[in-house]
Every structure is written in structure tokens, then in C-alpha cells.
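Notes for the one structure printed next.
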Amino acid sequence: MALFKRRTAGKPGEWYYCLKHGTVEEGPECRAADRFGPYATREEAAHAMETARERNLEWETDPRWHEKGQETGQEKGQD
């Protein structure tokens, strides 16, 4: 059991999207592992999941992640 409970204090004007509850909150109310943010506005936080999907798609289709000629450990004969 922890001796001290860490408070999730936030600043007014910082917005977060809670993944656990699917809600926007001003200042962190839920634990860090359950939220995205901080965002500058309530609207940005409300679109957090859409922003994450767009960024994931960009990363998945980024040619730098799929460069030809790069070898993995198994291709080099290493296990």
C-alpha cells in the first residue's frame, strides 16, 4: 500500500480525453495511463481519438518504416 497518494492535479485550461470514460475533462481527473493530453482546447481533446487514428495511419504508411534493404536479426542468421 502506498504511503502517499499522488494527486492528479491539473491546470485550468488544460484539456484531456479520458480513454476509460470516453469523456473530455479539464485538468486531469483520471490517471495518466487512461488519458490523452493535455490539449489547448476542449474541442481538440474531444477529437483526440480521431487525431490518434490519423497519426497512426500516417506512421503505418510512412515509407521510412518500411525501407527496403534493412535486415532483421533473423535475416542475418541471428536468433
What are the residues in region 25-42 that are open to solvent by 30 Å² or more (accessible area, probe 1.4 Å) and closer than 12 Å to G13 by Cα, if any? E26, G37, P38, Y39, A40, T41, R42
Region 1-24: number of residues that are assigned to a loop (DSSP other than H, G, I, E, B), at pLDDT 95 or above and loosely packed, with under 15 Cβ neighbours inside 10 Å: 3
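The values are calculated or read from the model by the stated rules, or taken from the named source; none is laboratory data. A quick note: this is a predicted structure, and the numbers were derived from the prediction, not measured. Cβ coordinates were reconstructed from backbone atoms using ideal geometry, including for glycine residues, and neighbour counts include every protein chain displayed. Just so you know, the surface numbers come from the protein's heavy atoms only, side chains and all, with ligands and any DNA or RNA stripped out. Shrake-Rupley method; radii C 1.70, N 1.55, O 1.52, S 1.80 Å.
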